[in-house]
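Please read the structure below before turning to the comments.
The values are calculated or read from the model by the stated rules, or taken from the named source; none is laboratory data. Keep in mind that what you see is a predicted model, and the values were worked out from it rather than measured. Cβ: placed from backbone, ideal geometry, glycine included. Neighbour counts: every protein chain shown.
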Amino acid sequence: MKKTKAFMALAILFLILGCTACNRQNVDKPVESPVATVPSVDNSGQHIQRQLDTNLSVDADVIEPSTIQNLSSLLVTPVTWDNKALETFLIANSKVTQKEDYGANGSTFQTADGKQLFSKSGTVNFQTYTFRTYINQIVNAYTIPGDTFYNLDRFNQMRDQDLPFMPQQQAVDEVEKELTSLGISVYDKVDTYALDYQTLQAQEKILEQKGDLTSPKDGTTTLKPSWSQEDDCYYMIIRSGFDNIPVYPLDHGSVETNTIVPSTYIYACYSKKGLEYLSIVDPYKEKAVDHGGLKIISPEEALAAVKRKYANVILTDPTTITAIELNYVRMLINQSRDEFRMVPAWCFELKEVRKDSEKGEPYTVDSRMIIDATTGGEIL
C-alpha cells in the first residue's frame, strides 16, 4: 500500500439535483453533502402509466400517506440552536484544542481526537477524523481537480441492510432523537445505506486505481492503513417533515426576482462510536397553523394541471413524468426570510430525452414541476 498522507481540506458541496450530479469543492470549508431526492416508502401504492399528450407521458409511483384527505398550511420559522447544546451533543467527550468565533458567520471547533464542528444560524457541520479523511472521499469521490460526484449508488445493494454493531432502525432512531432535541422536525422515512468495511475497502481500491483519490491540491493520495468491522457505519439522508409529509428537498424560485427558497436537508453518518458526521442546512420549525383542514386535490387533478401547462408548449422530444410525491413546499411571505408558509403540494419529476445535435446520441434532461395541492396552481 502506498504511503498515505492525510488530506485535511474540507469542502462545501453545493446543491445538485440528483445523486450522480457534480458539485464544486472549496478548500478549508466544512463538508456538506449534495442534495438528493429521497424516495419515501409510505405511499398509497398507486402507479400511473399512460400517454398524456404528444411527447408527454407518465410512468410513476404516487408517493403519499394513504390516509391523507385534508392538510393544513403552516407558518414556519428557521430553527436556531444553542451552541452550548451543540458542543455538549457533539464534542463533550473530546478536548477542544482550537476555537474560532466569527460572530454572525459562525464558530469552528477542533478537538484533540480530530473532530471538527462548524455552526452558525441555519447550519451545522460536524465530522470526525475518520469520516473526513477516509469515508468522505469514498462517498463523494473525486473525478477531476475541484469536482466531485456522489458515489452512494455503489452501495445500493446495502440500502436498508443491518450491520453487526447495531440494527439500522436503531441507529436511525438514535440520530432522529438527537435532531428532535435540537428542535428539528423530521420525516420518519430515512434513506439509509449500510457502509460495511469490506465494500468501503473495495471502493477505496477501485477509486485509487482510477486516480480518483488523488488530491487536486497537492497530488497526494490518502489511503486508510487498514479496514475492520470497527469502520462499519450507516449513511443517512434525512428529510424534514410535518404531519408525516416530507419537506420538498430542492431549491425553487427565481434568482432574477430574489424569490429563491433554499432547500432543507440533513445528512448523517453513524457508527459503533456514535455520530461520525452530521450536516444540517436550513431546518424549519412550526410556528402556527396558517389554514387548517384544507382539502387536497388528487394526483390525477394535479396531473391535469401539468398537462394544461404543456398544452401551450411544443414538446419535440419524449418527456416522461417519473415521480409524483406529496410534499410540503416553502413559500415566501412578502419577501421575508424570517417566516415562511409551508403549503402541501404535488411535486413532479420529469425526464426529457433529447438527441445531441452533432453526435445524434440521446441524453436526458431532468426538470421538476410543483402544483399547489390546495389550489391546483403552479408554484414557481
Within the range 53-68, identify whether any single residue is among the hydroxyl-bearing types (S, T, Y), modelled with pLDDT under 85 and assigned by TED's automatic domain parsing to the domain that holds M369, and answer yes or no. yes
Here, strands (runs of 3 or more DSSP E) confined to the range 281-357 with at least 3 residues that are more than 23 Å from S367 (Cβ to Cβ) are 284-295, 336-355
Residue that is under 20 Å from S240 (Cα atoms), among the acidic types (D, E) and touching a Phe, Trp or Tyr at 6+ places or on another chain (Cβ under 7 Å), where the choices are E286, E339, E276: E286
Which residue out of E178, E174, E204 is over 21 Å from S279 (Cβ atoms) and not hydrophobic (A, V, I, L, M, F, W, C)? E204
Could you go through the range 232-245 and let me know if any residue there is over 28 Å from Y265 (Cβ atoms) and not basic (K, R). no
Keeping to the range 204-224, report how many residues are over 16 Å from T130 (Cα atoms) and either of a type in the set (S, T, Y) or not in a loop (DSSP other than H, G, I, E, B) (or both). 9
If Q161 meets every condition in (1) in a loop (DSSP other than H, G, I, E, B); (2) of a type outside the set (D, E, K, R); (3) under 30 Å from A112 (Cα atoms) apart from one, which number is that one? (3)
Can you list residue pairs whose Cβ atoms sit under 6 Å apart, with the first residue in the range 129-142 being closer than 10 Å to C269 by Cβ and in the same structural domain as A202 (by TED's automatic domain parsing) and the second being of a type in the set (D, E, K, R) and at pLDDT 90 or above? Count only pairs 6 or more apart in sequence or on different chains. F131/E276
Of the criteria (1) modelled with pLDDT under 70; (2) charged (D, E, K, R); (3) surrounded by 17 or more Cβ atoms within 10 Å (Cβ to Cβ); (4) over 26 Å from T128 (Cβ atoms), which one D42 fails: (3)
